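What follows is a single structure, written as C-alpha cells, with notes after it.
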C-alpha cells in the first residue's frame with residue numbers, strides 16, 4: 001500500500017473547507033439570495049473542515065494501534 | 001446559459017486536481033510489477049475497495065443520468081438502487097466472490113477460461129473491451145458538451161484536461177491509484193451534492209412540499225397524482241407510470257437480469273473487490289458499497305424531482321429543451337448547480353461533477369487495460385513475455401484506451417500523441433500493430449458512442465441498452481458456471497453468442513413509443529412497441545438472459561461433462577466453504593448482507 005488514503009482525504013476536505021469558509025466570511029451577503037439566504041459557503045466550509053479533521057484523527061489513531 | 005466562474009471556483013477545482021495528481025505520484029514507487037499495476041498487489045483493506053467499488057460505478061451515468069431519470073421518471077428511479085443494485089451487490093459478495101477471489105483469476109474473462117474454455121473467454125474479452133471503451137467514450141463526450149454549454153469552455157480543452165489527468169494518475173500508479181482516487185472522489189461527490197439537495201428541498205418546502213408539487217407534474221402528463229412520488233403503487237400497469245413498465249418487467253428485467261448482470265459479472269466493479277487484501281475483505285467489498293449505494297437516491301434522484309417540479313410550476317427555473325421540443329433531462333444537475341449555488345460552493349459542485357466523470361472513466365480504463373493485456377494480448381499475441389513487458393503493455397493500453405476516446409474528437413492530436421509515444425519503440429513492429437489496433441478500436445467505438453449518445457435525451461437509457469447486450473446473457477453463463485457443475489464450455493459459448501444475438505434481434509424487432517426506427521430499435525421490423533426506452537431495455541435483457549440460459553443447458557447436456565477434478569474452486573458444489581474467521585456479525589458477509597437487505601426492503605416500503 002504505502003499510502004494512507006485517509007490523509008489525502010482529510011487534507012483535501014480541510015483545504016477546500018477552509019477556502020469556502022474564508023470566502024464565506026469575506027463575500028458580499030447579497031450573493032446568497034439564490035441559496036435561500038443561507039451563507040452556504042461558510043456553513044458547508046466549516047462542516048467540511050471538521051470532517052477533514054476527523055479523517056486525520058482516524059489516521060493518527062490507526063497509526064498508534066499499529067505501533 | 002453560461003455560468004461565470006469566480007477566482008474562488010477555480011481555486012477549488014485546482015486544489016482537487018493537485019490532490020489527485022499527488023496521489024498518483026506518491027503511488028508511483030509502489031508500482032513495480034504487473035501484479036501491482038493490474039491487481040494492486042491484492043493488498044487493499046475492505047472499506048477502501050468498498051468505496052471504490054461504488055465509485056467506479058459513480059460515473060457520468062450515475063450523477064447526471066440518475067438525476068435525469070429522477071426528472072423523467074420520478075421516484076420510480078429508486079428502483080435502480082433498492083431493487084436494481086442492493087440485492088445483486090449482496091449476492092455477489094456472499095455467493096460469488098469466493099470463486100472470483102479464490103480462483104486466483106486476474107479478470108472476469110480469465111475466470112471463464114478456467115471454468116469453461118478459451119473461446120468463451122475470448123468472446124467475453126472482446127465484447128467487454130468494446131463496452132468499456134464505449135462507456136468511457138459516452139461519459140467523456142457528455143463532459144465535453146457539458147463544460148462547453150455551461151462554462152463556455154472549449155469542447156476539446158475540457159475533454160483533454162480530464163483525459164490527461166486520468167491518464168496521468170493511472171499511468172503512474174495503476175489500479176491502486178485509480179482505487180485511491182475513486183475513494184477521494186466519492187467523498188468529494190458527496191460534499192458537492194449534499195448542499196444542493198438541502199437547499200433545493202428548503203426551496204420546495206421539504207419532502208411534503210415536493211410531493212404536493214409533483215401532483216401537478218403527474219396530472220399534467222395524464223397519470224395518477226402520486227405517479228412521481230410513489231415508487232411501487234403505480235406499477236400494476238405499464239401505462240399508469242412514467243417509466244412505462246409493469247412490475248414483472250421491472251422485477252425480472254431490472255431487478256434480476258440487468259442488475260445481477262452488471263454487479264455480478266462486470267469486471268469494472270468486480271476488479272475492485274479482487275484487489276482486496278483477503279477473502280473476507282473481498283466478500284465484504286460489495287456489502288460495504290451497498291450501504292452508501294442505498295442512500296444515493298437522496299443525493300442524485302431528489303435534485304431531478306425538484307427540477308421537474310420547478311419546471312412544471314413555471315418559475316424562474318426551467319429545464320432546457322432539445323431541438324425536437326423534448327426536455328433535455330441530462331442538463332438537470334448542471335442547471336440546478338447554476339440556479340442554487342453562489343460562487344465558492346459552485347466551484348465545489350462543478351468539481352464534484354468533474355470528479356464523477358473521472359472516477360467513472362478511470363474505472364473503465366483500468367478494467368479495459370487489464371482485460372486487454374491479460375485476456376487478449378497475453379493469450380493470443382505473446383504468451384511468454386516477461387512481467388516488465390506486460391506492465392508496459394498495460395500502461396500503453398491505458399494511453400490508447402484514453403487516447404482512443406479523446407482523439408476521436410481531435411484527429412490531429414491523435415497522431416501527435418500516438419506517434420510521439422510510439423517513436424521510442426520504433427524498432428519493434430510488434431508494438432506498432434498493437435497500438436494501431438487499440439487506437440482504431442478505441443476511436444471507432446468512441447465515435448460511434450458519441451454519435452449514438454446525441455440521439456438519447458437520457459444517458460441512462462443508452463447505457464442500460466449496452467448492458468442488455470453484454471451483461472445480461474453473461475449473467476446466465478455465470479449463474480450456470482458457478483452453480484451447475486454439468487455446464488460445459490461448448491454450452492457456455494453457444495449460449496453466450498446466442499444470447500447476445502437474441503438481444504440484437506429483440507432490439508431490432510421492437511421500438512419505444514414515438515421513436516424512429518434505427519439506433520433505438522426496429523431496424524429489422526418494428527413488430528412491437530414499448531411505452532419507453534427503459535421498458536424496451538428491460539425486455540431486451542430478459543430475452544438475452546433467457547435464450548442464453550436455456551441454450552447453455554441444452555448444449556451442455558448434449559456435450560461431454562467436464563471432470564470434477566478440474567472444477568474445484570470454480571463451482572459451488574465442488575468448493576469447500578470459505579472458513580469464517582471473523583467473530584463480529586458486521587464483519588461476517590452472511591449476517592451483514594441480511595441486515596443490508598432488510599434495510600433496502602424497508603426503504604421500498606417507506607416510498608411505496
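Taken together, the values in this text are just the output of simple stated rules run on the coordinates, not laboratory data. All of these numbers come straight from a predicted model, not from anything done at the bench. Note that each Cβ is placed from the backbone with ideal geometry, even for glycine, and that neighbours are counted across all protein chains shown.
Here are a few things to note about the model shown:
- Equivalent ellipsoid, the range A:6-66 (semi-axes from 5 times Cα gyration tensor eigenvalues, Å): 31, 9, 7
- In nm, spacing of pseudo-spin labels at residue B:126 and residue B:594 (7 Å Cα→C-beta vector): 4.6
- Computed E for residue B:7/residue B:164 - FRET, C-beta separation, R0 30 angstrom, nearest 0.05: 0.85
- The range B:480-583: C-alpha gyration tensor shape, a/c 1.5 cut-off, then a/b vs b/c: oblate
- Taking other C-beta atoms within 10 Å as the exposure proxy, A:65, B:285, B:581, B:219 rank A:65, B:581, B:219, B:285 from fewest upward.
- For B:607, B:80, order by how many other beta-carbon atoms lie within 10 Å, fewest first: B:607, B:80
- GNM result for chain A, Cα springs below 10 Å: residue of A:54, A:18, A:46 fluctuating most strongly: A:54
- Remark: B:500, B:212 ranked as B:212, B:500, counting other beta-carbon atoms within 10 Å and listing the fewest first.
- Cα gyration tensor shape of the range B:69-182, rounded if a/c is under 1.5, else prolate or oblate by comparing a/b with b/c: oblate
- Per-residue extension of 0.36 nm, minus the Cα-Cα distance of residue B:550 and residue B:575, leaves a gain of 6.5 nm for this segment.
- Taking the range A:6-66 and dividing mean pair separation by its residue count, relative contact order in percent (alpha carbons under 8 Å, at least six apart): 52
- A simple spin-label model places the labels of residue B:565 and residue B:584 4.5 nm from each other, with each point 7 Å out along Cα-to-Cβ.
- A prolate overall shape is assigned to the range B:254-354, the ratio a/c of its alpha-carbon gyration tensor axes (a ≥ b ≥ c) being 1.5 or greater and a/b exceeding b/c.
- Judged by the mean number of other Cβ atoms found within 10 Å, the most tightly packed of the peptides B:46-59, B:111-124, B:238-251, B:4-17 leads the ranking B:46-59, B:111-124, B:238-251, B:4-17.
- Förster radius 45 Å - calculated FRET efficiency between residue B:483 and residue B:224 (Cβ-Cβ, nearest 0.05): 0.65
- Computed FRET value (nearest 0.05) for residue B:237 with residue B:604, which takes r as the C-beta separation and R₀ as 25 Å: 0.85
- Modelled this way, with points 7 Å down the Cα-to-C-beta line, the labels at residue A:56 and residue A:4 are 1.2 nm from one another.
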